[in-house]
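Rule-based calculations on the coordinates, nothing more; no lab input. These figures come from a predicted structure and were not determined experimentally. Cβ sites come from the backbone with ideal geometry, for glycine too, and all protein chains shown count toward neighbours.
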Amino acid sequence: MTDDPIAPEGDPAARACPDCDLLQVIPELPPGGKARCARCGRMLATRSSAPSDLPLALTLTALLVLIVANTMPLMGLSVAGRQAITTIGGGAYQMWLQGQEVTAVTVAFCALIAPAGYILFMLIVLLAAKRPPAPQWVGDMLRWADAMQPWAMVDVMMLGILVALVKIADLARVEPDIGMYAVGILILLFPAISVSLNPEEIWARLEWADGESPLPAPETSTPEPPSSGSTP
Amino acid sequence: MRTSPLTAAQAGLVNCETCGLLSQPASAAEPGYCPRCGMALEWRRPRSIQTTWALVTAAAICYIPANLLPVLGTTTLGSTEYDTIMGGVVFLYTTGSWPLALIVLIASVMVPLGKLVALSYLLITVQRGSIRSNRERTRLYRMVEIIGRWSMLDVFVDTFTVALVQLKPLMSIQPGPGVAFFAAVVVLTMIAASTFDPRLIWDAGVDKEFRNA
Ligand SMILES: [Zn+2]
């Protein structure tokens with residue numbers, strides 16, 4: 001029992017399950033391999049088989065598509081010769097105009113701010129972590145991207161728009177516009193970014209909060225000197 | 001025969017919830033900060049049970065007006081008709097298509113109610129120190145975390161219906177007070193899921209000192 005080798009603090013392979021706190025050592029994973037918690041089944045580690053620049057490429061694409069999705073109209077409506085269009089922001093703005101401030105803020109956060117925040121923070125993290133040691137604030141950005149992720153609801157919004165279209169189809173003629181197709185692409189890009197990214201790899205390249213330089217990668221023979229300007 | 005599994009807490013190690021680094025704090029009472037990412041370390045999420053109960057209760061209270069108050073009002077030529085969430089489901093069923101009616105029914109009525117019931121069940125079993133079906137309860141918790149955001153569906157439906165149908169004086173659709181309560185239910189249950197600490201499910205019968213009273 002006590003000769004169990006699991007305990008070393010700082011062993012990068014030793015991990016505690018976030019869902020049940022069980023200590024375990026993650027074996028070297030093959031590309032595309034996954035490690036699950038032996039007790040509760042929670043996914044503990046994955047090793048992407050994708051090239052290392054894929055998350056960055058996906059995030060850059062997502063940024064461009066996001067700009068299109070937010071600036072172009074989602075759909076147009078015409079009835080009795082009158083026409084109307086709406087954008088994502090236009091939806092939230094109309095809610096605000098109608099006296100539903102709470103709903104307007106919630107919609108703006110889930111449909112605009114959280115998706116944009118996630119992509120921007122990820123972009124900064126991926127660019128900054130390209131050459132280790134990356135400064136401490138990159139860790140804050142990664143934490144914020146993580147916090148934004150569950151609130152970024154482009155997929156839920158898309159289904160909501162489709163249901164709204166069916167409801168309105170009874171009253172008027174509606175046609176999807178460019179913004180709608182951009183949202184459709186975003187729905188595929190968001191999960192692709194998180195699947196292709198291994199946050200553990202990013203954390204390993206960051207300068208520690210207590211001033212330590214990140215552990216040198218196995219392939220680099222000379223340890224990098226700690227960069228200056230960090231607070232102890 | 002079977003060696004009992006060792007948790008990080010039993011080994012005197014704290015798992016950083018932000019970056020996943022295991023560290024050995026100098027003092028068990030004050031774990032301090034993660035040496036790598038600098039976040040405050042906690043053995044378990046602080047005041048997990050009380051905070052989650054408070055959020056679940058608040059969400060349950062909002063769930064009632066969310067379903068009883070109208071979410072949409074349709075004005076055609078001066079007369080206005082109000083619709084609740086269930087009214088919207090019935091409308092989709094009769095004029096649209098039943099698959100969409102079913103999706104809205106599941107996402108807006110059953111998912112929020114299911115989240116409230118599931119979180120209450122998890123809180124009660126943790127408080128009673130249950131040691132049964134831990135794996136299933138952990139799975140239930142993960143499901144609440146994953147599907148939680150889909151109950152936002154009707155808020156988006158209402159938002160884009162309102163945004164598009166503004167053809168005054170011909171026809172216009174306004175939001176009703178039910179939408180704000182509904183959005184509140186979704187936000188409160190999502191935060192409730194994140195304040196609940198699933199490790200408490202496994203702490204029962206192992207280490208009472210880590211259970212937040
Ligand atoms: Zn586990």
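Note on region A:113-218: enclosed helices (runs of 4 or more DSSP H) holding 1 or more residues that are more than 26 Å from residue B:20 (Cβ to Cβ) and within 13 Å of chain B (Cβ to nearest Cβ) are A:154-168, A:178-196.
Any idea which residue in region B:150-164 is surrounded by the most Cβ atoms within 10 Å (Cβ to Cβ), counting only those that are β-branched (Val, Ile, Thr) and touching a residue at least 40 places away in the same chain (Cβ under 8 Å)? Break it down into steps so the answer makes sense when it comes.
So in region B:150-164, the residues β-branched (Val, Ile, Thr) come out as B:155, B:157, B:159, B:161-162.
From what is left, the residues that are touching a residue at least 40 places away in the same chain (Cβ under 8 Å) are B:157, B:161-162.
On the way: B:157: 30, B:161: 26, B:162: 27.
It comes out as B:157.
Taking region B:92-129 as the region of interest, how many residues are more than 17 Å from residue A:159 (Cα to Cα) and within 11 Å of chain A (Cβ to nearest Cβ)? Qualifying residue count, region B:92-129: 2.
Would you confirm, using the coordinates I've provided, whether residue B:18 is among the hydroxyl-bearing types (Ser, Thr, Tyr), surrounded by 15 or more Cβ atoms within 10 Å (Cβ to Cβ), within 11 Å of chain A (Cβ to nearest Cβ) and touching a Lys or Arg at 6+ places or on another chain (Cβ under 6 Å)? Let's see the steps before the verdict.
Values: among the hydroxyl-bearing types (Ser, Thr, Tyr): yes; surrounded by 15 or more Cβ atoms within 10 Å (Cβ to Cβ): yes; within 11 Å of chain A (Cβ to nearest Cβ): yes; touching a Lys or Arg at 6+ places or on another chain (Cβ under 6 Å): yes.
Against the criterion (among the hydroxyl-bearing types (Ser, Thr, Tyr), surrounded by 15 or more Cβ atoms within 10 Å (Cβ to Cβ), within 11 Å of chain A (Cβ to nearest Cβ) and touching a Lys or Arg at 6+ places or on another chain (Cβ under 6 Å)), residue B:18 qualifies.
Here is the figure for region A:21-48: residues that are free of Cβ contacts under 8 Å to residues at least 60 places away in the same chain and within 29 Å of residue A:116 (Cβ to Cβ) total 1. Among the candidates B:124, B:131, the residue that is surrounded by fewer than 24 Cβ atoms within 10 Å (Cβ to Cβ) and assigned to a helix (DSSP H, G or I) is uniquely B:124.
Pairs linking a residue in region B:183-201 that is aromatic (Phe, Trp, Tyr) to a residue that is not in a helix (DSSP H, G or I), with Cβ atoms under 6 Å and 6 or more positions apart or on different chains, do not occur.
When B:90, B:71, B:56 are checked against the criterion of being touching a residue at least 12 places away in the same chain (Cβ under 8 Å), of a type in the set (A, V, I, L, M, F, W, C) and within 30 Å of residue A:169 (Cα to Cα), a single residue qualifies: B:71.
Among the residues of region B:23-38, which ones are charged (D, E, K, R) and out of contact with any Asp or Glu (no Cβ under 9 Å at 6 or more places or on another chain)? Lay out the reasoning, then the answer.
In the first step, residues of region B:23-38 are kept if they are charged (D, E, K, R); the result is B:30, B:36.
Of everything in region B:23-38, just one residue is charged (D, E, K, R) and out of contact with any Asp or Glu (no Cβ under 9 Å at 6 or more places or on another chain), namely B:30.
Scanning region A:148-171 for residues that are within 16 Å of the chain's Cα centre (by Cα) and in contact (Cβ under 8 Å) with a residue 24 or more places away in the chain yields a count of 8.
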